[in-house]
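J.: Just dropping this structure here.
The values are calculated or read from the model by the stated rules, or taken from the named source; none is laboratory data. Quantities reported herein were computed from a predicted structural model and do not represent experimental measurements. FYI the Cβ positions are ideal-geometry reconstructions off the backbone, even for glycines, and counts take in every protein chain you see. Surface areas here come from the heavy atoms of the whole protein model, side chains and all, with no ligands, DNA or RNA. Shrake-Rupley method; radii C 1.70, N 1.55, O 1.52, S 1.80 Å.
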Amino acid sequence: MCWRIWHLTRKKKQLEWEDFQRIAKRKFEREQGRIDVRDDMSEDMSECEKGDIVDFGESPKRTYQHTASNLEVWSDDKKEKKLYIILISLHGLVRGENMELGRDSDTGGQTKYVVELARALAKLPGVYRVDLFTRQVSSPEVDWSYGEPTEMLAAGSDDPDDEVGESSGAYIIRIPFGPRGKYLRKELLWPHIQEFVDGALAHVLNMSTVLGEQIGGGHPVWPYVIHGHYADAGDSAAILSGALNVPMVLTGHSLGRNKLEQLLKGARQSKEDINSTYRIMRRIEAEELSLDAAELVITSTQQEIDEQWGLYDGFDVKLEKVLRARVRRGVDCHGRYMPRMAVIPPGMDFSKVIQEANEPDGDLALTNTEGSSPKAVPPIWSEVMRFLTNPHKPMILALSRPDPKKNITTLLKAFGECHSLRELANLTLIMGNRDDIDELSAGNASVLTTVLKLVDKYNLYGQVAFPKHHKQNDVPEIYRLAAKTKGVFVNPALVEPFGLTLIEGVFVNPALVEPFGLTLIEAAAHGLPMLATKNGGPVDIHRALNNGLLIDPHDQQGIANALLKLVSEKNLWQDCQKNGWRNIHLFSWPEHCRTYLTRIASCRMRHPAWKTDTPEDEIPKEDSINDSLRDVQDASLFLSIDGDRSFSMNESSDTGGDVQDQVKRVMSKMKKPQSSDKVNEMNKKATDNNKYPILRKRRRLIVIAVDCYDSKGAPEKTMINMIQETFKAIKLDSQLANGTGVAISTAMPLSELMDFLKSGKIKVSEFDAVVCSSGSEVYYPGTCEEGGELYPDPDYASHVEYRWGFDGIKKTIWKLMNISEDNEGKSGKPLKVIEEDVKSSNSHCLSYLIKDVKKVRTAKKVDDLRQKFRMRGLRCHLMYCRNSTRMQVIPFLASRAQALRLNVANMYVVLGETGDTDYEELIAGTHKTLIFKGVVKKGSEELLRTSGSYLKEDIVPPESPLVSYVNGTKAEEIASTLTKLSKCDT
């Protein structure tokens, strides 16, 4: 036993030391990032800004704040706006009625919040439609309603003068993704995120067309904003908003870094064990990605901004303040960006609970259960009171899952050890629903067992109630019981991100850290004083409502004393009740939604750059550009192409000429769009030529994205043979050849790719699309060209320009790559790790030759560099490619996967068994993937992640029917595999 205690103590000290080193290294990196930003922007930075950005000391007088003085407050006269808003909440079980809150840890306060937010927004003038995206679950484990594709939440605005159309209102849209027929906890959803994005994208495309016909005058109505809730939805919203080029908003609810810090401080689990259990590193990366994409981050308290989001690489309170000031003054930020933060407390529906405030106080007949009697009491009251010797005493009420972090045992100890409190009050613990403790999870079972032992230890029989079951509609009655007895409602959670429960009473919240806690608002609405932690969100609520006391959650005696004070001092209790009722309107749903829309309206509004402005009446009906949108699974935007084109092999040069003539005849009937002032002269020339490629009429698209390079980064001849065999395979199957297009996607620049194809006698005109330089440029042979020279698609170039800080990134990448670091992350002697590859660079791609791969492998991996870029306010997509011989940095919205993402339903991606560091992005999604075995001997994936990061299994499903392997590169085998994949049901 002594040896075991010594071993556990030693392990705890080791974890604490590792935690200390990690925090110290991170602090140094943050400071170094701020210094780099100051140096890069020093020429036009004021002395005040320099002081702000390098003042590492914390000053409570200089806390981060946003002022809304320059914002136009959203009012009810905005009805002409007709907004389309998308909310995303992926995990748990989401439905509009009879929500199973507390069924598991994934179905809780967030579920209720997003449903009520969707309803409230749809009722506000100016909002036409709200879609709440979630996962479709068709499983015998859950109710059939979770498998319904659509569920209406609200019919639309309550304003009788506001137009209510066929598609207006609030809806739950359930998108199928992940294993069919199986309900998954949120930690297992990560590999299927891209599949959700593809399904959501198809729905948005169809809905934008439908809304365009109803309220847009025939023009598509795009989402006003896409709002992700929690890390998984934030990840999805980042990709979806990037594809559609519309603003993204994020609400974290609870944050991974904060949870990781708390778990590490507990010193019970190593970081590896924590990551294995909670997929915490994948969650953190999703939150960082969300910060990269978000225009606005909504929090419920200031504490979330300062102490939780401040832990992230992608948000620095001090740097954000400086960048915001520079933007207001019109000063260049050198490509640096930080999302704005806004504190908007969650809303609540008080229409029912406020009425209870007007009920006369008086003793209820607590023992009468006859339903016909005017004195009848609800059944749940009887269930609670059967535990209690004197049910008339004030009730201290707590409701939560029996989770260790809910801190129920601390509350029970405080009650059990205070004899005065035991004489004055009862304690009621509503700890979810259970049949058998042994059937619960280990953590929940442990808490319940401890509760039973403490009840016995302090001999609390007749003073503590802990019923096994309650229904959702019982919850308001439980609140009433607590209020009528002038009791106290307790939420003793250690960490409660939103704290949304369904019980009211006199509210006590001894949480260690409480970012907000909607239970505090619910308690006030029912006329109950609150007792809450002095840390975090409750401080803001207490300041607004002034309806209770704040306590130190670590102080067990302090909790008991505060409870005793509220229960025994009737004047104090009544003052708290009156104050809560007087100020509760500040947290109503209409108030929340007006503030919400006011903040969103300040975002930089963006819409898709591409336009389908081809007149339909000038194209035969069978060739209409809208045909591909009739099926929600046949969505193509960036590669949106019109006309028809017979499949031709590269050796058939005559056919290629006929194709060009056909394309020109079709394109001559189309309107030529006007060029944009922001597009350079080269893009203007491309715009003036044939605008629309030919992919829209393709029934399927085969994308060749095999990264096959030798040790010097030159493309291997094997790739030529593989491309030729793929063309032959398509021709072997008559059904496959009919309407099949081919694209090629590579890290090579266009000039090098064309030389390589020419060496194999393959014409670039054989491809419908060419994605070059790791996705920074897209070309359409036969359309965007002049005099035989190809030009990049100007729409795509305009799209990826967003947040692209070319100069700032160029300076930073050179500094980071060519300066060594010691084991503590401190700068050392200069190195010569990279040199600029001018021939492979372009306006949206910085390309570098790797001179010393060994040094890159040890200290310069993608996730490490991405962290450093984020700390400096730079958002980009960084990758190693071409057999680890090149490093390329492209805009955040650019990638090989994103360039072709919008043609996913009938897309087949051809890959090797490994590839560049963007390889994983090309596999995930609803498209089909064909992988050649033995073609690519070595890729760059080893340079993607450092040890302790998230795993490949967190991005790509380990097994998928949409992925097939081919042994060899023979046309017959390829054709057979493509046919097999075409029969897969996505």
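J.: So which of Lys186/Lys265; Lys318/Lys811; Lys810/Lys839 end up more than 18 Å apart, counting from Cα to Cα?
T.: Lys186/Lys265; Lys318/Lys811
J.: Using a 1.4 Å probe and ignoring any ligands, DNA or RNA, find the accessible area of Arg875 and quote it in Å² to the nearest 10.
T.: Probe radius 1.4 Å; accessible area of Arg875 about 0 Å².
J.: Next question, about the same structure. Using only Cα atoms, locate the centre of segment 77-155 and the centre of segment 730-754, then give the distance between them in Å, rounded to an integer.
T.: A separation of 41 Å, based on Cα centres.
J.: Under the classification rounded if a/c is under 1.5, otherwise prolate if a/b is larger than b/c and oblate if not, where does segment 516-581 fall, given a ≥ b ≥ c as square roots of the Cα gyration tensor eigenvalues?
T.: oblate
J.: When the Karplus curve 6.51 cos²θ - 1.76 cosθ + 1.60 is applied with θ = phi - 60°, which whole-Hz ³J(HN,Hα) does each residue of segment 8-23 get, with x for Gly and Pro?
T.: Values per residue, Gly and Pro as x: 5, 5, 5, 5, 5, 5, 5, 5, 5, 5, 4, 5, 4, 4, 4, 5 Hz.
J.: How large, in percent, is the carbon and sulfur part of the accessible surface of segment 946-986 at a probe radius of 1.4 Å?
T.: Carbon-and-sulfur percentage of accessible area, whole number: 50.
J.: How large, in percent, is the carbon and sulfur part of the accessible surface of segment 240-280 at a probe radius of 1.4 Å?
T.: Its accessible area is 39 percent carbon and sulfur atoms.
J.: Asn571: net charge of surrounding residues, Cβ under 14 Å, Lys/Arg +1, Asp/Glu -1, itself excluded?
T.: Once all neighbours under 14 Å are counted, the net charge is +2.
J.: Further question on the same structure: Past the 32 Å Cα-Cα mark, which pairs from Lys406/Lys484; Lys11/Lys321; Lys758/Lys952?
T.: Lys11/Lys321; Lys758/Lys952
J.: In whole Hz, with x marking every Gly and Pro, tabulate ³J(HN,Hα) for segment 454-464 from phi via Karplus 6.51 cos²θ - 1.76 cosθ + 1.60, θ = phi - 60°.
T.: Values, residue by residue: 5, 4, 6, 4, 8, 6, 9, 4, x, 10, 10 Hz.
J.: What whole-number distance in Å separates the alpha-carbon centres of segment 930-986 and segment 293-340?
T.: Computed from Cα coordinates, the inter-centre distance equals 39 Å.
J.: List the pairs from Lys937/Lys983; Lys413/Lys578; Lys393/Lys565; Lys861/Lys938 whose alpha-carbon separation is above 20 Å, in the order I gave them.
T.: Over 20 Å Cα-Cα: Lys937/Lys983; Lys413/Lys578.
J.: Hey, what did segment 758-807 get for relative contact order, percent, Cα under 8 Å, at least 6 apart?
T.: Relative contact order here is 24 percent.
J.: Further, regarding this structure: At 1.4 Å probe size, with every protein chain present, just tell me what the per residue accessible area of segment 183-309 comes to in Å².
T.: In whole numbers, segment 183-309 has 26 Å² accessible per residue.
J.: Counting only C-alpha contacts under 8 Å and six or more residues apart, can you give the relative contact order of segment 213-265 as a whole percent?
T.: With pairs under 8 Å counted, the relative contact order is 34 percent.
J.: Restricting to segment 834-986, compute how many DSSP beta bridges are antiparallel as a %, nearest 5.
T.: Of those bridges, close to 60 percent are antiparallel.
J.: With all protein chains present, how much of the accessible area of segment 84-215 (probe radius 1.4 Å) comes from carbon and sulfur, to the nearest whole percent?
T.: Carbon and sulfur: 48 percent of the exposed surface of segment 84-215.
J.: Can you tell me the Rg and the Dmax, both Å, for the Cα atoms in segment 380-478?
T.: Just the Cα atoms of segment 380-478 yield Rg and Dmax of 12.9, 37 Å.
J.: Shape call for segment 879-986 from the C-alpha gyration tensor, a ≥ b ≥ c root eigenvalues: rounded (a/c under 1.5), prolate (a/b greater than b/c) or oblate?
T.: Note, shape of segment 879-986 comes out prolate.
J.: Net charge around Leu911, counting only other residues with Cβ within less than 13 Å of its Cβ (Lys, Arg = +1; Asp, Glu = -1)?
T.: Value of the local net charge: -4.
J.: Explain nothing, just the number: relative contact order of segment 831-986, from Cα pairs under 8 Å at least 6 residues apart, as a whole percent.
T.: 20 percent
J.: 5 Å is the cut-off here: which amide hydrogens, built 1.01 Å from N in the peptide plane, fall below it relative to Asp710, excluding neighbours closer than 5 in sequence?
T.: Glu716
J.: Taking square-rooted eigenvalues a ≥ b ≥ c of the alpha carbon gyration tensor, is segment 180-232 rounded, prolate or oblate, where a/c under 1.5 means rounded and, failing that, a/b exceeding b/c means prolate?
T.: Since a/c reaches 1.5 and a/b is larger than b/c, the shape of segment 180-232 is classed as prolate.
J.: Continuing with the same structure: Taking K and R as +1 and D and E as -1, what net charge do the other residues with C-beta under 13 Å from the C-beta of Asn546 add up to?
T.: So the surrounding residues net to +1.
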